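For reference, the structure discussed in these notes is given below.
Every number in this text was worked out from the coordinates using simple rules, so none of it is lab data. Remember, it's a predicted structure, so these values are computed and weren't measured experimentally. In this analysis, Cβ positions are derived from the backbone assuming ideal geometry, glycine residues included, and neighbour counts consider all displayed protein chains.
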Amino acid sequence: MSALKDANESYANITWIKVDWDLYRSDDWVKEMRVQNQSTIVAFKEGEQVGRVIGQTGEGAISALLDKTL
């Protein structure tokens, strides 16, 4: 993901938070966010969820999600 961020200047202002799945998967906030898989990316804009990808690691799917935050 950092390579994708570095390659696209428009992503420079996106805040990225990485969560250690093994450490936090049982926490209530993870359940509230409905994160059920290790490879889950949730995107927010102005505090509202604008999309998510699950199990997708391809640059195209992730870029499409990040574009929703711009």
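If you plug each phi of segment 38-48 into the Karplus form 6.51 cos²θ - 1.76 cosθ + 1.60 with θ = phi - 60°, what whole-Hz ³J(HN,Hα) values come out, in order, with x for Gly and Pro?
In residue order, the calculated couplings are 4, 8, 10, 10, 10, 10, 10, 9, 6, x, 10 Hz.
Normalising by the residue count of the chain, find the relative contact order in percent from Cα pairs under 8 Å and 6+ residues apart.
On the way: 57 pairs, mean separation 18.1, N = 70.
Relative CO of the chain lands at 26 percent.
If the label point is 7 Å along Cα→Cβ of MET33, which residues in segment 53-70 have backbone nitrogen under 17 Å from it?
Hits in segment 53-70 for MET33 at 17 Å: 53-57, 62, 65-66, 69.
Stokes-Einstein at 10 °C, 1.306 mPa s, Kirkwood radius from Cα pairs: D for the chain in µm² s⁻¹?
Once the numbers are plugged in, D ends up at 123 µm²/s.
Enumerate the amide H contacts of VAL50 below 5 Å, restricted to partners 5 or more residues apart or on another chain; note that Pro and chain-start residues carry no placed amide H.
ALA43, PHE44, LYS45
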